[in-house]
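Trainee: One structure, as structure tokens, below. Some questions next.
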Amino acid sequence: MNPKIGNLLYAGKAKDVYKTDDPKRVIVKFRDDITAGDGVKSEKMVKKGFYNSLISSKFFEVLENAGIKTQYIELIEPGYMLCKKLDMLPLEVITRNIAAGSLLKKFPFKTRQELNPPVIQMDYKNDEYHDPMLNDSITIALGLADQEQLDIIRDITLKINSVLKDFLLSKNILFPDFKIEYGFDSSGNIVLGDEISPDTCRFWDSKTCEVLDKDLFRKGDSGVMDAYVKVASLILSEKDIKKWKIEL
Ligand code: TMP
Ligand code: ASP
């Protein structure tokens with residue numbers, strides 16, 4: 001592999017982060033593991049890493065083209081993404097355009113109620129505490145981020161939402177909600193990291209409202225991988241599909 005993959009730096013639930021020869025760059029490996037319930041439910045899904053790396057790369061490219069700073073440098077090959085090394089914030093920044101999932105369990109929203117302006121929620125990324133919802137005071141008191149950083153994160157997140165929502169709609173996909181994570185680059189800038197994939201977003205077919213994301217796995221439904229492949233087939237260009245010899 002070029003650049004050469006070094007030692008393992010960090011192993012998450014679905015991705016591993018490896019060193020490279022350049023201390024400012026890492027290689028993110030997208031694994032085939034799929035988990036739910038803070039990792040309690042866990043399986044292997046053949047080629048999930050392959051497709052999620054391609055889908056995430058596409059979203060990062062769309063965002064970079066819209067002027068948003070991301071960790072993404074290039075897809076070395078499916079499954080392996082070259083990225084800027086970030087010092088990650090333990091925040092799950094969730095944006096909601098349509099009420100779904102845990103929002104319906106916690107609050108009296110109507111199913112599929114449109115949320116305009118979008119709702120931004122931040123959860124503390126911590127399996128032991130089951131990712132509790134934060135407010136700014138708690139986040140600041142925990143020393144996770146300061147007010148200025150939280151304001152910057154909200155600004156960037158709203159822009160990301162608007163760029164991706166429009167892009168997805170042009171591909172016949174609705175974007176009810178998604179989770180992103182941020183980190184600091186070597187100059188201290190807040191930069192989008194992690195992944196944007198059917199593992200971390202809700203995607204619905206805009207014509208049929210068919211679910212095309214990890215909710216299928218969370219609910220124990222079949223066709224999880226077919227849904228991920230469908231997302232890839234809808235958003236990737238002919239060029240990407242030929243380049244990586246993708247079988248759709
Ligand atoms: P929720 O409705 O279950 O709170 O999920 C909101 C969004 O966040 C949804 O797009 C899925 C994503 N998500 C993750 O990426 N990781 C998680 O651990 C959870 C619970 C949700
Ligand atoms: N992040 C959760 C876990 O790995 C899964 C979820 O997305 O619901 O357990």
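Trainee: Do we have residue 66 as within 16 Å of ligand 2 (Cβ to nearest atom) and either more than 21 Å from residue 180 (Cα to Cα) or in contact with a helix residue (DSSP H, G or I) (Cβ under 9 Å, 6 or more places away or on another chain) (or both) here?
Mentor: The answer is no for residue 66.
Trainee: Would segment 234-248 turn up any residue that is exposed (fewer than 13 other Cβ atoms within 10 Å of the Cβ), away from ligand 1 (no atom under 16 Å from the Cβ), of a type in the set (Gly, Ala, Ser) and under 26 Å from residue 82 (Cα atoms)?
Mentor: Scanning segment 234-248 turns up at least one residue that is exposed (fewer than 13 other Cβ atoms within 10 Å of the Cβ), away from ligand 1 (no atom under 16 Å from the Cβ), of a type in the set (Gly, Ala, Ser) and under 26 Å from residue 82 (Cα atoms).
Trainee: Please state which one of 150, 169, 158, 164 is in contact with a Pro (Cβ under 9 Å, 6 or more places away or on another chain) and assigned to a helix (DSSP H, G or I).
Mentor: 158
Trainee: Taking the residues in segment 41-60 that are among the small types (Gly, Ala, Ser) and either farther than 16 Å from residue 168 by Cα or open to solvent by 40 Å² or more (accessible area, probe 1.4 Å) (or both) as candidates, determine which candidate is nearest to ligand 2 (Cβ to nearest atom).
Mentor: 42
Trainee: What strands (runs of 3 or more DSSP E), lying completely within segment 61-115, carry at least 3 residues that are open to solvent by less than 60 Å² (accessible area, probe 1.4 Å) and within 16 Å of ligand 1 (Cβ to nearest atom)?
Mentor: Per the criteria, 91-98.
Trainee: Of everything in segment 204-222, what is within 9 Å of ligand 1 (Cβ to nearest atom) and either of a type in the set (A, V, I, L, M, F, W, C) or in a loop (DSSP other than H, G, I, E, B) (or both)? Give them in sequence order.
Mentor: Selection gives 213, 214.
Trainee: For the structure I just gave you, tell me whether residue 167 is closer than 21 Å to residue 66 by Cα and of a type in the set (Phe, Trp, Tyr).
Mentor: The answer is yes for residue 167.
Trainee: In addition: Would you check if there is a residue in segment 67-78 being within 30 Å of residue 220 (Cα to Cα) and small (Gly, Ala, Ser)?
Mentor: no
Trainee: Still on this structure, please answer the following. With respect to residue 38, determine if the residue is among the acidic types (Asp, Glu), assigned to a loop (DSSP other than H, G, I, E, B), open to solvent by 80 Å² or more (accessible area, probe 1.4 Å) and touching a residue at least 12 places away in the same chain (Cβ under 8 Å).
Mentor: So residue 38 does not fit the description; no.
Trainee: Kindly provide the set of residues from segment 211-239 that are away from ligand 2 (no atom under 16 Å from the Cβ), charged (D, E, K, R), under 20 Å from the mean Cα position of the chain (by Cα) and closer than 19 Å to residue 60 by Cα, ordered by number.
Mentor: If the condition is that a residue be away from ligand 2 (no atom under 16 Å from the Cβ), charged (D, E, K, R), under 20 Å from the mean Cα position of the chain (by Cα) and closer than 19 Å to residue 60 by Cα, then 230 is the only one that fits.
Trainee: Shifting gears a bit: How do the pairs read when you match residues in segment 121-142 that are outside any loop (DSSP other than H, G, I, E, B) with residues anywhere that are surrounded by fewer than 11 Cβ atoms within 10 Å (Cβ to Cβ), using Cβ under 7 Å and keeping only pairs 6 or more apart or on different chains?
Mentor: 123/132; 124/132
Trainee: Based on what the data block shows, is residue 11 more than 16 Å from ligand 1 (Cβ to nearest atom), of a type in the set (A, V, I, L, M, F, W, C), within 17 Å of the chain's Cα centre (by Cα) and surrounded by fewer than 19 Cβ atoms within 10 Å (Cβ to Cβ)?
Mentor: The answer is yes for residue 11.
Trainee: Still on this structure, I have one more. For the structure I just gave you, tell me whether residue 226 is within 24 Å of residue 33 (Cβ to Cβ), at pLDDT 95 or above and not in a helix (DSSP H, G or I).
Mentor: Against the criterion (within 24 Å of residue 33 (Cβ to Cβ), at pLDDT 95 or above and not in a helix (DSSP H, G or I)), residue 226 does not qualify.
Trainee: Six or more apart or on different chains, Cβ under 6 Å: which pairs go from a residue in segment 227-248 that's more than 17 Å from residue 167 (Cβ to Cβ) to one that's of a type in the set (Ser, Thr, Tyr) and surrounded by fewer than 17 Cβ atoms within 10 Å (Cβ to Cβ)? Could you list them?
Mentor: 248/233
Trainee: Another question, if that's okay. Being of a type in the set (A, V, I, L, M, F, W, C) and away from ligand 1 (no atom under 13 Å from the Cβ): is that true of residue 140 here?
Mentor: Answer is yes for this residue.
Trainee: Checking the conditions here, which among 23, 3 is under 28 Å from residue 126 (Cβ atoms), out of contact with any helix residue (DSSP H, G or I) (no Cβ under 6 Å at 6 or more places or on another chain) and part of a loop (DSSP other than H, G, I, E, B)?
Mentor: 23
The values are calculated or read from the model by the stated rules, or taken from the named source; none is laboratory data. All values reported here derive from a predicted model rather than from experimental measurement. Cβ: placed from backbone, ideal geometry, glycine included. Neighbour counts: every protein chain shown. When the accessible area is computed, the model is the full protein with side chains, heavy atoms only, and any ligands, DNA or RNA have been set aside. Shrake-Rupley method; radii C 1.70, N 1.55, O 1.52, S 1.80 Å.
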